[in-house]
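A.B. asks: Take this structure first; my questions come after.
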Amino acid sequence: MTSVGPPIVRRRRSRISWRATAIALASTVVVAGGLAWVVVNAPGWAEVQTDFLNGPIFWASLPGLIAAFGKNVELFLIAELLILPLGLVIAVMRGLPGPVFFPVRLLATVYVDIFRALPGILVIFILGFGIPGLAIDGIPNDPFFWAIVALTFIYAAYVSEVYRAGIESIHPSQDAAARSLGLTRFQSLRHVVLPQAVRRVVPPLLNDFIGLQKDTVLVSFIGVVEIFRTAQIKEAALFNFTPYLAVALVFIVLTIPLARLTDWLVARDKRQRTAGSAR
Amino acid sequence: MTATGPAAVREALEIEGLHKSFGSLEVLRGIDLVVDEHEVICLIGASGSGKSTLLRCINLLEPIDAGRIVLAGQEISADGVDIDRIRRRIGIVFQAYNLFPHMSVLDNVTLGPRRVLKVSRAQAEADADELLARFGLADKRNEVPDRLSGGQQQRVAIVRALAMKPDILLLDEVTSALDPELVAEVLNVIRELAASGMTMIIATHEMSFARDIADRVCFLDAGTVCEIGPPGQVLSEPREPRTRQFLQRVLEAGRL
């Protein structure tokens, strides 16, 4: 009797999953087909095709755009390398206890409040045009330099909040255990609290990293020639918007794998934590 | 060769008039307690009687409101005392083990000696291996804590505290979070420590264990030392009505 049970269940389950797949497929075809029909039958479809989806222009502009994307990669890699430590320092500053550290806490809090409040493009404008405008000796006026500074300042504020959430998620008993061994406050943070906190916030950090990658196009407005600026130049020369679509494609190809990686890390983290709590 | 008699007994710890409140809740209302070197004191009392708070105050994990704590002749509750230097001399083991989950057993045990006592890695690991072997944990040195049973984790926590070679060891209900069949292995470790002469203050609900191991049993009630004396007296012929009531309730719960 018992040996008969499982195959029936399995067959039924496979039939159910077949049906689910079929339904999902059919509904996708209907929705996508409907959307395509609406777009293709729109009055301006012919013009959009030549202006936005121009095959020859797409292929002609893609190599130049990919080459220009190297600048974006440079921007977000250098900025991320600065953001991660700066965000951590700010988070730790905000967490320092006691009245002695009040000014430090205040400074860190004001920093985070301001840079989260300001639209990124404003920070980029203010730093990119304003500071070089002061014409102080020794202060660079290279837009690339100020682009890195602006992106670092903006994202360090967000990233510090991510770190802070991670630090606060570590139970105080961990710090108590470390301090009871005679570790100083800093040693406890360094060896016990932060390693656990940082591990926990890797997925949200990756999320902010994706945001940073996209925001690198904003620095085109202070004169950094990167992928978006290059697309603008091509658009102006060809009177055609297809280069923008190529830019969109480049970002999609870059970000989607990272987003999936983030999802996978979140899922793995969740699995590990539920496995831990089941004990 | 060694001195014998009363002159040899030294005070490991002296507590005088210790008060501690959390907000409006006064948890400790004037605790006086003297612990001699090599003495084992068991703290008993209902939940909320102040056992854990007392241990955390001794370890300076909680600032005290009034009173004095003197460790081997040095007042450690005074202003300007380097808390980190004191804590390395006082080991504490927690009810929930509080092992560091991101480190191997070995790293849990060597963290204190390496970072606080500045012992070399090789020396710290050799010492740790010796301690782990002594408590039957040699084969667990490279495991992470989550892969160990509760009893094993608690033994690692004890080893971690011992690795600092503390003058005194505080044990805060170290078997309360354990499954019943794992309690014995941890109690045996504590028995061995007592036999080796470790000065200990043990907050516990295990009355038979307290009777067995304690030099003196201290019954805490509502933040004061209600009764203190040899286990035979406090646990079998309590003088205070509140001690009797407490033991009666424990008896009814089947824990005596």
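A.B. asks: Looking for something surrounded by fewer than 11 Cβ atoms within 10 Å (Cβ to Cβ), under 28 Å from A:VAL159 (Cα atoms) and at pLDDT below 90 - is there at least one such residue anywhere in the range A:7-22?
C.D. replies: No, every residue in the range A:7-22 fails to be surrounded by fewer than 11 Cβ atoms within 10 Å (Cβ to Cβ), under 28 Å from A:VAL159 (Cα atoms) and at pLDDT below 90.
A.B. asks: Of the conditions (1) surrounded by 21 or more Cβ atoms within 10 Å (Cβ to Cβ); (2) touching a helix residue (DSSP H, G or I) at 6+ places or on another chain (Cβ under 8 Å); (3) in a loop (DSSP other than H, G, I, E, B), B:CYS42 satisfies every one except a single condition; which number is it?
C.D. replies: If we test B:CYS42 against (1) surrounded by 21 or more Cβ atoms within 10 Å (Cβ to Cβ); (2) touching a helix residue (DSSP H, G or I) at 6+ places or on another chain (Cβ under 8 Å); (3) in a loop (DSSP other than H, G, I, E, B), just (3) comes out false.
A.B. asks: Within the range B:87-100, take every residue that is at the interface with another protein chain (Cβ under 9 Å from one of its Cβ atoms) and in contact with an Asp or Glu (Cβ under 6 Å, 6 or more places away or on another chain) and give me the one that is farthest from B:ILE69 (Cα to Cα).
C.D. replies: Per the stated criteria, the residue is B:PHE94.
A.B. asks: Here is a further query. Filter the range A:163-212 for residues that are touching a Ser or Thr at 6+ places or on another chain (Cβ under 7 Å) and more than 14 Å from chain B (Cβ to nearest Cβ); which is farthest from B:ILE92 (Cα to Cα)?
C.D. replies: Here the residue is A:ILE210.
A.B. asks: Look through A:ARG260, A:ARG200, A:ARG179 and report the one residue that is modelled with pLDDT under 95, under 30 Å from B:ALA163 (Cβ atoms) and of a type in the set (Lys, Arg).
C.D. replies: A:ARG200
One line per residue, one yes/no per condition, for (1) of a type in the set (Asp, Glu); (2) under 28 Å from B:ALA177 (Cβ atoms):
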{"position": "B:ALA72", "(1), (2)": "no, no"}
{"position": "B:GLU75", "(1), (2)": "yes, no"}
{"position": "B:ARG88", "(1), (2)": "no, yes"}
{"position": "B:ALA96", "(1), (2)": "no, yes"}
{"position": "B:MET103", "(1), (2)": "no, yes"}
{"position": "B:LEU106", "(1), (2)": "no, yes"}
{"position": "B:PRO113", "(1), (2)": "no, yes"}
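A.B. asks: If you take the residues of the range B:147-161 that are under 11 Å from B:VAL105 (Cβ atoms) and within 11 Å of another protein chain (Cβ to nearest Cβ), which of them is modelled with the lowest pLDDT?
C.D. replies: By that ranking, first place goes to B:ARG147.
A.B. asks: Does A:ALA147 satisfy the condition of being more than 13 Å from chain B (Cβ to nearest Cβ), small (Gly, Ala, Ser) and without any contact (Cβ under 8 Å) to a residue 60 or more places away in the chain?
C.D. replies: no
A.B. asks: Being of a type outside the set (Asp, Glu) and in contact (Cβ under 8 Å) with a residue 24 or more places away in the chain is the filter here, so list the residues in the range A:75-88 that pass it.
C.D. replies: A:LEU75, A:PHE76, A:ILE78, A:ALA79, A:LEU82, A:ILE83, A:LEU84, A:LEU86, A:GLY87, A:LEU88
A.B. asks: Moving on to the next point. In the set A:PHE101, A:PHE69, A:PHE76, which member is closer than 16 Å to A:ASP208 by Cβ and among the aromatic types (Phe, Trp, Tyr)?
C.D. replies: None of the others qualify; the one that does is A:PHE76.
A.B. asks: I've got another one for you. Tally the residues that are modelled with pLDDT of 90 or more and not in a helix (DSSP H, G or I), restricting the search to the range A:97-141.
C.D. replies: Total meeting the criteria: 2.
A.B. asks: Can you name the number of the only condition in (1) under 19 Å from the mean Cα position of the chain (by Cα); (2) farther than 20 Å from B:MET198 by Cβ; (3) away from chain A (no Cβ under 13 Å) that B:GLY80 fails?
C.D. replies: Evaluating B:GLY80 over (1) under 19 Å from the mean Cα position of the chain (by Cα); (2) farther than 20 Å from B:MET198 by Cβ; (3) away from chain A (no Cβ under 13 Å) leaves (1) as the failure.
A.B. asks: Surrounded by 14 or more Cβ atoms within 10 Å (Cβ to Cβ) and either closer than 25 Å to A:ILE227 by Cα or touching a Pro at 6+ places or on another chain (Cβ under 7 Å) (or both): does that describe A:ALA147?
C.D. replies: Spelling it out, A:ALA147 is indeed surrounded by 14 or more Cβ atoms within 10 Å (Cβ to Cβ) and either closer than 25 Å to A:ILE227 by Cα or touching a Pro at 6+ places or on another chain (Cβ under 7 Å) (or both).
A.B. asks: Of the conditions (1) within 28 Å of A:ARG200 (Cα to Cα); (2) within 11 Å of chain A (Cβ to nearest Cβ); (3) surrounded by 16 or more Cβ atoms within 10 Å (Cβ to Cβ), B:MET164 clears all except one; give me its number.
C.D. replies: (1)
A.B. asks: For the range B:136-149, what are the residues that are among the basic types (Lys, Arg), out of contact with any Leu (no Cβ under 9 Å at 6 or more places or on another chain) and not in a helix (DSSP H, G or I)?
C.D. replies: none
A.B. asks: Identify all residues within the range B:167-181 that are without any contact (Cβ under 8 Å) to a residue 60 or more places away in the chain and surrounded by fewer than 18 Cβ atoms within 10 Å (Cβ to Cβ); write none if there are none.
C.D. replies: B:ASP179, B:PRO180, B:GLU181
A.B. asks: Okay, moving on. Checking the conditions here, which among A:VAL92, A:VAL104, A:VAL100 is among the β-branched types (Val, Ile, Thr), within 26 Å of A:ALA165 (Cβ to Cβ) and buried (at least 19 other Cβ atoms within 10 Å of the Cβ)?
C.D. replies: A:VAL92
A.B. asks: Would you point out the residue of the range B:104-135, among those that are touching a helix residue (DSSP H, G or I) at 6+ places or on another chain (Cβ under 7 Å) and not in a helix (DSSP H, G or I), that is farthest from the other protein chains (Cβ to nearest Cβ)?
C.D. replies: B:PHE135
Here's the yes/no breakdown for (1) surrounded by fewer than 21 Cβ atoms within 10 Å (Cβ to Cβ); (2) at pLDDT 95 or above; (3) more than 27 Å from B:ALA177 (Cα to Cα):
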{"residue": "B:ALA7", "(1), (2), (3)": "yes, no, yes"}
{"residue": "B:GLU62", "(1), (2), (3)": "yes, no, no"}
{"residue": "B:ALA78", "(1), (2), (3)": "yes, no, yes"}
{"residue": "B:VAL109", "(1), (2), (3)": "no, yes, no"}
{"residue": "B:LYS118", "(1), (2), (3)": "yes, yes, yes"}
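A.B. asks: Does the range B:93-105 include one or more residues that are closer than 24 Å to A:ILE170 by Cβ, surrounded by fewer than 21 Cβ atoms within 10 Å (Cβ to Cβ) and within 17 Å of the chain's Cα centre (by Cα)?
C.D. replies: yes
A.B. asks: With respect to B:GLU62, is the statement that it is within 14 Å of chain A (Cβ to nearest Cβ), among the acidic types (Asp, Glu) and either over 20 Å from B:ALA161 (Cα atoms) or touching a residue at least 40 places away in the same chain (Cβ under 8 Å) (or both) true?
C.D. replies: Taking the combined requirement at face value, the residue satisfies it.
A.B. asks: Also, I was wondering about something else. Can you name every residue in the range A:52-83 that is of a type in the set (S, T, N, Q) and more than 14 Å from A:ILE233 (Cβ to Cβ)?
C.D. replies: A:ASN54, A:ASN72 - these are the residues of the range A:52-83 that are of a type in the set (S, T, N, Q) and more than 14 Å from A:ILE233 (Cβ to Cβ).
The values are calculated or read from the model by the stated rules, or taken from the named source; none is laboratory data. Note that the structure is predicted; figures quoted are calculated from it, not measured. Please note: Cβ atoms are built from the backbone with ideal geometry, for glycine as well, and neighbour counts cover all protein chains shown.
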